[in-house]
Amino acid sequence: HRHILSSKQFDRQELHTLFSVAHEMRTQVERNGSIDLLRGKVMCSMFYEPSTRTSCSFSAAMMRLGGTVVNVDGSSSSVVKGETLADTVRTLGCYGDLTVLRHPDPGSATTAAKFSKVPIINAGDGIGEHPTQAFLDVYTIREELGTVNGLTITLLGDLKNGRTVHSLVKLLAYYHVTLNFVSPISLRMPEEVKTELTSAGIAFNEYTDLNEVIGDSDVVYVTRVQKERFTDLSEYERVKSAYVINNKMMSKAKTQMVVMHPLPRVSEIEPEVDFDQRAAYFRQMRYGLYVRMALLALVLGKSF
Ligand code: CP
């Protein structure tokens, strides 16, 4: 794939090939720290929105493959002077071999791809998609539970504005899963995402109360209520604490379930849960490094 814009560009087989490479790279990194595969290659990383994991893991992935990174953020670039997205990606394409882009507008990565002569990787386009997060999320489920098939997967929180769940359900649709969507009514999964699932023959159930499904879930995928997407902050205040995972809630869950979260979290998972072996969210970040290494090799045409 030249550009990585949506998770659904990958079919199930391509996804599993990516995961095999990620797994192999993980073994090599654990043994040697780095792999000399992308020496001489340069990745430009352009973030118009804040990021810790996506930005740092892409940079670390590039460097662990022997490549180098040019980092630029919206607030210190000529975007401040009014430069367009089109001109910005044209510029970065003159300097690097690929561009990783995070931007607040849905569809911005697709727009950027039209003007870029190097591959664009969508690192989050507003409430649209976050495909590389979805890849690492499915990788996490497979690493933690061995398979995706047969699982009951509960997506919890801000399903309206959370781009990670929009990308993730497109991939979960490749497997035999039971899907639960738990959110306040005002933060339900967007209609277009649900329509896409229904037309693919994928069933899901919607709830507002986590207690109805916590005991049956193999995966609880928690999301942050996305404050930055609210125009009415009083509405944010009303829904921000709708769900809290704490040890009491964990006591109602299966002993073999896992709790995931794309992070950052605010108050939706209490720190006491971090010490529960079922808390997979920090392992999930680490898996992201290997998945992004595999993705960089793929996009730059280097087999491993
Ligand atoms: N998961 C994720 O996208 O985190 P960052 O916003 O820190 O990149």
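Does GLN284 satisfy the criteria of being assigned to a loop (DSSP other than H, G, I, E, B) and either modelled with pLDDT of 95 or more or more than 14 Å from the ligand (Cβ to nearest atom) (or both)? Here the answer is no, as GLN284 does not meet what is asked. Which residues, taken from segment 146-170, are farther than 24 Å from ARG229 by Cα and either of a type in the set (Lys, Arg) or buried (at least 18 other Cβ atoms within 10 Å of the Cβ) (or both)? Scanning segment 146-170 gives VAL148, LEU151, ILE153. Across segment 62-85, the number of residues qualifying as farther than 15 Å from MET43 by Cβ, hydrophobic (A, V, I, L, M, F, W, C) and under 24 Å from the mean Cα position of the chain (by Cα) comes to 1. Restricting segment 243-266 to residues that are within 16 Å of the ligand (Cβ to nearest atom) and loosely packed, with under 13 Cβ neighbours inside 10 Å leaves a set whose member that is farthest from GLU143 (Cα to Cα) is VAL266. Among the residues of segment 171-196, what is the count of those that are surrounded by fewer than 23 Cβ atoms within 10 Å (Cβ to Cβ), within 24 Å of MET249 (Cα to Cα) and of a type in the set (Val, Ile, Thr)? Residues flagged as surrounded by fewer than 23 Cβ atoms within 10 Å (Cβ to Cβ), within 24 Å of MET249 (Cα to Cα) and of a type in the set (Val, Ile, Thr) within segment 171-196 amount to 3.
Once segment 40-87 is narrowed to residues that are of a type in the set (D, E, K, R) and either in a loop (DSSP other than H, G, I, E, B) or within 15 Å of the ligand (Cβ to nearest atom) (or both), the residue that is nearest to ALA113 (Cα to Cα) is GLU83. Summed over segment 191-212, the residues that are within 26 Å of LYS8 (Cα to Cα) and assigned to a helix (DSSP H, G or I) give a count of 9.
The values are calculated or read from the model by the stated rules, or taken from the named source; none is laboratory data. Everything numeric in this text was worked out from a predicted model, so none of it was measured. A quick note on method: Cβ atoms are made from the backbone with ideal geometry, for glycine too, and the neighbour counts reach across all protein chains shown.
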